[in-house]
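Written below as C-alpha cells is the structure these notes are about.
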Amino acid sequence: MRRCDKLSRRNERLPRKPAAVLAVITAAVVILSTLAAGQRSDAGKGGRRIPADIPIMTWPGPDASLLTSEAFRLVAEAGFSVNMSFLGGREANLKALDLARACRLRLMIQDSRVSKLVEDPGLPLDVLADVAADYKEHPALFGYFITDEPNASKFGRLAAIVRRLEELDPGHPAYVNLFPTYASEQQLGTPTYEEHVGRYLDTVRPPFLSFDHYPVTRSGLRPDYYRNLEIVRRMALERGLDFWAFTLATPHAVYPPPAAGHLRLQLWSDIAYGAKGLQYFTFATPGGTDYDWGSGLIDRQGRPGPAYSLAREVNAEIRRVEGLIMRWKSVAVYHSEPIPEGARPPGGEGPVLSIAGAPLVIGVFADGPVRYVIFVNRDYERERTAVVRFSADVRQAQEIATGPSAPARFAWPAGQDDHACALEFGPGAARIFRLK
C-alpha cells in the first residue's frame, strides 16, 4: 500500500469522453527510462529500460475542488501509481505535483496552454518551452496529456506538438488516447478504424498507444470488444510499441454500476492481450449534466464510492504479478467457444490445445525461454469451471498467485497422453500459470 508523507516544500523542486470531460483530452505514452521513486528497472531487449511497476492511472483523478492530501491518499491507497487530473492552470498543477510526490504517485499533467495548441493549429509552439520548464524537473511528473479521441485531421498538429515536447523534455512522454471501434466514421475521420489507428501511429509516432473501449453495458458485452483488442495488440506489436487500455468504473448512459467481475474482465483481458498500462474511467465523479453520472471511485465530496473497494481489491491482484506483466512478451491470444468477433480458437501449435466448459481468453507469453499462459473468464457475472488441455510438451503448470488462495500445480508424467486439468474461475477472474 502506498502512503502519503508530509508535503515537501515547493522549493525542493529543481529549476470525448462524455462532453464534460472531453473538453480537455488524447493519446499514448512511453514507459519512462526515468522512473518514480520506489521503482526499479531492468535492462530490456536492446537496452530499453523496463519498469517494475505497471502504470495504473486515474482518468480523471481529483479535480480542483478536491486538490487535497486526503484525495491523493485515496488515489494511492487504491493501488494507482499515476494520477491525471484536469486542472489546466500552472499553479494548480504544481500543487498537484507536490501532493502526488507526498503520496509516491506520478502525475500526468494537463495544461490548458497545450490544449489551446491542439484546438488552434495557427498558434506557434513556442509556449511549449514554458510548459516543459514549469514541470520537467519535478520528481512526480509522469508525462504530458495532449488530447483525447482526436479526429484524424488533427494528427499532423499532434505530431508537431509531440515532437517538440520530446525535444524539450525527452524524459517524460506525451500522451494521446484514441477512440474505440464503435466510434463513427465522422468521429474517426477515416473510412475504417484500422486506418485511423495506423495513420495515427505513423504520423504522430507516439511513445505508446492508448485507446478506450467500454464493453460492459446494461444489455451485455459489446460484440466488438475483443476485435478492438486484437487490432490494437497487432498494430502495437508491428511497431514495437506498448499499449495502454481502460476499464470503466463509473455508471452513466448505457453503462451499469460496476461489479467486481466487470472490472476484472476488462483489466485482465487488457493484460491477456499484452497491455503495459491500465486506466480507469473515472476515479473522480464527473460534474457535468450531459449524462446521468453515478458515483466514480470517489464521489463529488471526495468520499470513497461504491466501487472504490472493488478497484482497490483488483488493483492489488495486479500488483502481485506486475513485475511479470512488465517483463513478459505477448506471443499469442486465443479464445474458447463461443469465439468473439475478430478472435480465434486455440491452434494445434500449443501450449493450450482446447478448453471446455467456460468462455475463456487465453493469453500466451514468453519471458526469455520461460512460457506463461493467462486464462480470463469472459463470464463477468458467474463462476465457471473449465477443463483445459495442454499440448504434450507441457509437463508442468505452476500457478502464479494473484490472491490469497494457495496456487495450484499440475504435473503429467512422461507417457501420459492427456495433459488436462480443471480450473475454477470467479466472475471475470484470471489465473496465470508458468509452464515447463
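The values are calculated or read from the model by the stated rules, or taken from the named source; none is laboratory data. Because the structure is predicted, anything quoted here is derived from the model rather than measured. Cβ: placed from backbone, ideal geometry, glycine included. Neighbour counts: every protein chain shown.
Overview of results
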item	result
Hits in segment 390-412 - residues which are buried (at least 17 other Cβ atoms within 10 Å of the Cβ) and either over 17 Å from R264 (Cα atoms) or touching a Phe, Trp or Tyr at 6+ places or on another chain (Cβ under 8 Å) (or both)	F390, V394, A397, F410, W412
Candidates Y380, Y334, Y273, filtered to the one that is at pLDDT 95 or above, touching a Lys or Arg at 6+ places or on another chain (Cβ under 8 Å), closer than 21 Å to G403 by Cβ and of a type in the set (S, T, Y)	Y380
Residue within segment 264-277 that is assigned by TED's automatic domain parsing to the domain that holds A71, of a type in the set (V, I, T), buried (at least 20 other Cβ atoms within 10 Å of the Cβ) and over 18 Å from R233 (Cβ atoms) present	no
Filter result for L241 (in a loop (DSSP other than H, G, I, E, B), surrounded by fewer than 24 Cβ atoms within 10 Å (Cβ to Cβ) and among the hydrophobic types (A, V, I, L, M, F, W, C))	yes
Flag for A311 being within 29 Å of R218 (Cα to Cα), in contact with an Asp or Glu (Cβ under 8 Å, 6 or more places away or on another chain), not in a strand (DSSP E or B) and not polar (S, T, N, Q)	no
Segment 153-179 residues that are closer than 16 Å to R113 by Cα, paired with ones that are among the aromatic types (F, W, Y) (beta carbon under 6 Å, 6 or more apart)	L165/Y144; A174/Y144; Y175/F145
Residue within segment 350-364 that is within 18 Å of I318 (Cα to Cα), over 21 Å from the mean Cα position of the chain (by Cα) and assigned to a strand (DSSP E or B) present	no
Identity of the residue in segment 115-148, of a type in the set (D, E) and closer than 25 Å to I56 by Cα, that ends up surrounded by the fewest Cβ atoms within 10 Å (Cβ to Cβ)	E137
Helices (runs of 4 or more DSSP H) contained entirely in segment 125-225, each with at least 3 residues that are modelled with pLDDT of 95 or more and among the acidic types (D, E)	193-204
Residue selected from segment 57-104 under the condition part of a strand (DSSP E or B) and crowded, with 24+ Cβ neighbours inside 10 Å, by the criterion farthest from the chain's Cα centre (by Cα)	N83
Considering residues of segment 413-433 that are assigned to a strand (DSSP E or B) and among the charged types (D, E, K, R) only, the residue surrounded by the fewest Cβ atoms within 10 Å (Cβ to Cβ)	E424
Among residues of segment 206-215, those that are surrounded by fewer than 24 Cβ atoms within 10 Å (Cβ to Cβ) and more than 13 Å from R233 (Cβ to Cβ), counted	3
Selected residue (criterion: surrounded by the fewest Cβ atoms within 10 Å (Cβ to Cβ)) from residues of segment 153-193 that are more than 22 Å from the chain's Cα centre (by Cα) and β-branched (V, I, T)	T192
Residue in segment 64-72 that is at pLDDT 80 or above and closer than 15 Å to A140 by Cα present	yes
Residue ID - surrounded by the most Cβ atoms within 10 Å (Cβ to Cβ), chosen from residues in segment 325-366 that are farther than 23 Å from E381 by Cα and of a type in the set (A, V, I, L, M)	V352
